[in-house]
Each structure stands twice: as structure tokens, then as C-alpha cells.
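See structure below.
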Amino acid sequence: MARYEINGGKSLQGTVTVSGAKNAAVAILPAVLLVSGKCHIENVPNISDVHILLDILREMGAEISLEGSSVTVDCSHVRSSRPDANLVRKMRASYYLMGALLGRCGKAHVALPGGCNFASRPIDQHIKGFIALGADVDESDDYVALEPGENGLQGGRVSLDVVSVGATVNIMLAATLLPGQTVIENAAKEPHIVDLANFLNTMGARISGAGTDTVKIRGVKELHGGSYAIIPDQIEAGTYMAAVAAAGGNVLVQNVIPKHMECITSKLQEMGAKVTNYDDAIRIQRAGKLRCTTVKTRPYPGFPTDMQAQICVCMSLASGVSRLTESVYETRFFGYCTELQSMGADILITGKTAIVTGREKLTGAVVSAHDLRAGAALVIAGLAAEGTTIVENTHFIERGYESIVEKLSALGADIRRIE
Ligand code: EPU
């Protein structure tokens with residue numbers, strides 16, 4: 001297993017280019033199953049979650065060619081509605097194969113997903129959606145099987161009980177080719193929901209309202225092939241911004257959509273970082289000491305839960321006492337707070353809130369990544385800390401961050417990957 005060795009205390013300088021959005025890519029690649037013809041997709045991140053998905057599609061009969069960050073996928077010869085269970089269990093977002101295969105084949109048999117287990121991650125809202133579209137659902141401990149119910153599959157109305165990115169995506173995928181109209185109420189509004197809708201509409205779908213809490217899908221008979229470029233990764237951009245805020249420096253983060261970054265930007269500004277927005281780039285500078293703040297994670301456009309751990313590192317180095325409240329995944333603190341404490345952070349968790357008392361410095365230690373974002377936070381802590389930090393279990397980080405070691409090295413960080 002690989003680990004990263006980081007000699008901290010160096011400020012970050014230069015330019016970093018953000019890759020395509022992981023959470024958009026893992027929705028758009030399964031969506032190609034709905035398309036008749038070839039799809040050419042650009043700005044695909046080179047991360048292990050994407051490679052697992054491509055392996056799943058290839059194993060099902062898709063023809064795939066990969067060149068740099070561009071992927072061409074042709075699913076014309078896919079006949080199976082049962083993806084390889086061992087591959088499916090390697091990642092979380094493989095559950096999008098349920099919606100995509102239900103849409104393509106009218107049935108699906110998909111193993112329950114694996115991936116980052118920082119919390120209990122139910123899929124009852126996905127299932128509620130499939131049932132509203134007329135599916136019969138057979139759910140066991142290790143798979144979900146979907147078949148048409150006695151009245152067949154057709155558009156329907158679903159009001160989600162919780163705002164769920166995954167359920168919104170899965171219902172959109174399942175409904176795109178069904179007769180009639182589907183309405184998703186209390187839908188998630190994340191940028192990757194809008195990106196999926198834009199991809200499907202580019203290929204001939206009729207989806208409106210993505211990015212609001214009501215998404216309408218008028219079923220079409222067929223989607224045609226075409227080209228599409230995935231949006232930049234909001235969380236990767238935010239992670240580099242948090243790294244500069246914690247370690248200090250002056251970095252141009254390019255290939256970003258500044259509008260997607262607003263909530264993260266305003267918190268980092270409140271903490272004392274200087275942020276300048278350009279059309280598709282953000283400059284972040286931090287020289288003086290960070291100041292404490294209050295953050296509550298929320299679905300988009302709120303502060304993302306996927307930035308909770310990274311902002312916690314900034315809070316650990318800020319003057320004063322910060323409050324960090326998690327409202328999406330309550331148990332997410334446990335993936336990294338103990339590790340940060342071993343580096344000298346002062347964090348007290350009471351229920352959904354972490355009380356973070358800023359310290360003068362963090363100190364290098366041997367720490368372990370328990371999930372993707374927890375791992376990214378430990379890398380940031382290592383960059384900002386005095387001495388050497390070893391981050392173990394870096395395969396979690398490589399699920400979602402393309403070339404993180406190379407990108408940070410180019411900014412002047414002393415970081416290397418050790419097999
Ligand atoms: N929920 C339910 N029932 C469901 C689905 C969700 O109760 O059927 C609850 C969850 O337990 C959670 C809340 O609803 O409390 C939101 O979960 P959501 O479904 O939105 O999360 P997800 O789709 O499983 C995606 C991202 C996560 C990100 C969350 C929240 C992808 C592939 N994953 O997960 O990203 O944390 O939305 O924004 O898009 C990451 O990138 O590191 C990551 C974990």
C-alpha cells in the first residue's frame with residue numbers, strides 16, 4: 001500500500017489546474033448506457049473511481065478508448081443488466097448502474113456498493129424513486145434487483161424525504177428513456193446534478209429544472225451520441241484553496257467555476273485568506289494568521305460536507321475557537337479528527353459539532369486516511385505541520401484526486417509517494 005511522506009512548513013506558490021469533477025464523471029459515465037451511439041467525453045479525471053467504472057462498462061461489453069483526459073465510450077454491444085459484483089463493490093457511485101440499467105434494459109441486478117464508509121449510507125430514497133417509476137424491487141443484503149412491476153415502467157412523481165444527490169441522479173438516469181413525465185421534488189442542486197442534466201440534454205434528453213429543487217424529466221425514445229466536457233471539480237479546487245489557507249502562499253487555482261466555489265471562498269475570506277475571482281480561475285493568498293469561524297455543512301449551495309475535514313485543518317491553525325457543525329453525515333468527524341489530534345490539533349466533538357481551538361502549530365506524525373476527504377485533510381495538515389508527516393492508506397485519496405502528489409510538488413510542497 002502506498003503512503004505519502006510530507007515535510008511540512010513550506011508555503012505553496014504557483015499555479016494548479018483542477019481536473020474534471022469526480023462526482024459528475026461517476027454519474028455521466030453510467031449515463032452513457034442510455035445512449036445509442038458513441039459518446040466522446042472530455043475533462044474526465046484520471047482517478048481510480050473512474051477507472052473502476054470504465055472496467056465495469058468494458059466488462060459489460062462497452063468499447064472504450066481513453067486518451068489523456070478524453071474518453072470515447074460506445075455501449076452499443078452491452079447486453080447484460082448485471083454488472084460484475086466484485087467491481088461494483090469497489091466503489092460507492094456504482095449504484096448509478098441501477099438507474100442507468102433500469103433505463104436501458106428495463107431491469108437491473110446490481111451488487112450493493114462499497115467505497116468510503118464514513119457513515120451509514122442508506123439508499124432507501126433511490127429505491128423509493130425506482131418504485132415510483134413502476135419498478136418491482138428485490139433488495140437483499142448484497143444486491144438490488146429491479147424488474148418492471150405489473151403496470152410496467154413509466155414516468156412518475158417522487159418527493160425525496162431527504163435531499164439526496166445519489167437518489168436525484170439515479171431517478172434522472174432511470175426516467176430519461178421512460179414514457180411520460182417524471183418529477184423529482186426536493187431534488188439535490190449540486191453542480192454535478194446540473195452537469196448530468198446538461199450531458200443528457202446534449203444527447204437528446206428533455207430534462208428541466210436541474211439546479212433547482214424540482215427536476216422534470218420528459219421521457220424520450222432514444223438518446224444519440226455526441227461530445228461533452230465535464231465541469232471542473234468543486235471539491236478538488238476547494239481542497240487546494242484550503243491547502244494554501246493552511247500552509248500559506250499564493251496560488252492560482254485554474255479550471256474552476258468561481259460561482260460553484262462561493263460558499264467555500266467566503267469562509268476562507270472570513271478566516272483571513274485573500275481570494276480573487278477570475279472568469280475560470282481563483283487566486284488565493286494567505287500570509288497572516290487565520291482567524292476562527294463558524295461553519296455548518298449543508299447541501300449545495302451550502303458549505304459542502306466534502307470540505308468539512310479540509311476546513312477543520314484550517315480551523316486547527318486559526319486564532320480563537322471555531323465551531324464546525326455537520327448536518328449531512330453525522331459520523332464524518334471520526335474519519336480524521338483522532339488523526340489530527342495526534343498532530344496536535346485541539347478538537348472536541350459534541351454530537352454534530354466539533355469545537356476546534358486553534359493552535360500555533362501542528363506537528364508531523366504518522367496518520368492514516370480513513371476515507372477520501374479525510375485523507376485530503378491529512379495531506380493539508382502535513383503540508384502545514386512542522387516536521388515530517390506520513391499519510392498511510394493513500395488509495396482512498398487516489399479515488400478522487402488526480403495526481404495530487406505531482407500537483408502539490410509543482411506548488412513547492414515537499415511530498416513524495418512511497419510504495
Ligand atoms: N440519504 C438517505 N437515504 C438515501 C440517500 C441518502 O437517508 O437513499 C441521506 C444520507 O445518509 C445523507 C444525506 O441523505 O445523510 C445525503 O446523502 P446523498 O445521497 O446526497 O449522498 P451520496 O449521493 O451518497 C454524494 C457524493 C458524496 C457527498 C454527498 C453529499 C457522489 C458520488 N458522492 O453522495 O461525495 O458527500 O453526495 O454531498 O456524488 C466524496 O466525494 O467524497 C463524497 C463522499
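Tabulated data for the structure shown
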| read-out | value |
| --- | --- |
| Total charge dipole magnitude, the chain, about the Cα centre, Cβ charges on Lys, Arg, Asp, Glu only, Debye to nearest 20 | 920 debye |
| Other-chain or far-sequence residues with amide H under 5 Å of SER327's (modelled H) | THR297 |
| Percent carbon-and-sulfur accessible area, segment 49-101, ignoring ligands, DNA and RNA, probe 1.4 Å | 43 percent |
| Rounded to 10°, Cα long-axis angle of helix 191-202 versus longest principal axis of the chain | 30 degrees |
| ASP414 versus ARG157: modelled label distance in nm, points set 7 Å from Cα along the beta carbon direction | 6.4 nm |
| DSSP bridge pairs, segment 188-331: antiparallel proportion in percent, nearest 5 | 70 percent |
| Inter-probe distance in nm under a simple model that places probes 7 Å from Cα toward Cβ, at ASN277 and SER327 | 2.2 nm |
| Average accessible surface area per residue within the chain, 1.4 Å rolling probe, Å² | 37 Å² |
| Estimated vicinal HN-Hα couplings, Hz - segment 332-342 in sequence order (Karplus 6.51, -1.76, 1.60; Gly, Pro = x) | 5, 4, 6, x, 8, 5, 4, 5, 5, 4, 5 |
| Nonlocal amide H pairs with LYS189, under 5 Å, H built at 1.01 Å | TYR300 |
| Rounded to whole Hz, the Karplus (6.51, -1.76, 1.60) HN-Hα couplings of segment 146-153, x for glycine and proline | 10, 9, x, x, 5, 8, x, 8 |
| Cα centre as origin, Lys/Arg/Asp/Glu Cβ charges: segment 288-344 dipole, Debye | 280 debye |
| Whole-angstrom gap from segment 356-419 to segment 245-275, using each part's C-alpha centre | 19 Å |
| Pairwise label distance in nanometres, LYS107 with ASP142, each label 7 Å out on the Cα-Cβ vector | 2.1 nm |
| 5 angstrom amide H check on GLY249, placed H, neighbours 5+ away | LEU12, ARG286 |
| Environment charge of HIS77, counting only residues whose C-beta is closer than 14 Å and scoring Lys/Arg +1, Asp/Glu -1 | +1 |
| Ordering of 142-152, 335-345 by packing [mean C-beta count within 10 Å, highest first] | 335-345, 142-152 |
| In degrees, nearest ten, helix 234-247 long axis to first principal axis of the chain (Cα) | 10 degrees |
| Rounded FRET efficiency, nearest 0.05, which uses the C-beta distance separating SER76 from GLN13 and R0 of 45 Å | 0.40 |
| Helix 96-105 vs. the chain, principal-axis angle (Cα, 0 to 90°, nearest 10) | 20 degrees |
| Using θ = phi - 60° and Karplus 6.51 cos²θ - 1.76 cosθ + 1.60, couplings along segment 30-43 (whole Hz; Gly, Pro as x) | x, 4, 4, 4, 7, 9, 9, x, 8, 10, 10, 10, 10, 6 |
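The values are calculated or read from the model by the stated rules, or taken from the named source; none is laboratory data. Since this is a predicted model, take the numbers as computed values, not measurements. Quick reminder, even Gly has a Cβ in these numbers, built from the backbone with ideal geometry, and neighbours come from all protein chains shown. For accessibility, only protein heavy atoms count, side chains too; no ligands or nucleic acids. Shrake-Rupley method; radii C 1.70, N 1.55, O 1.52, S 1.80 Å.
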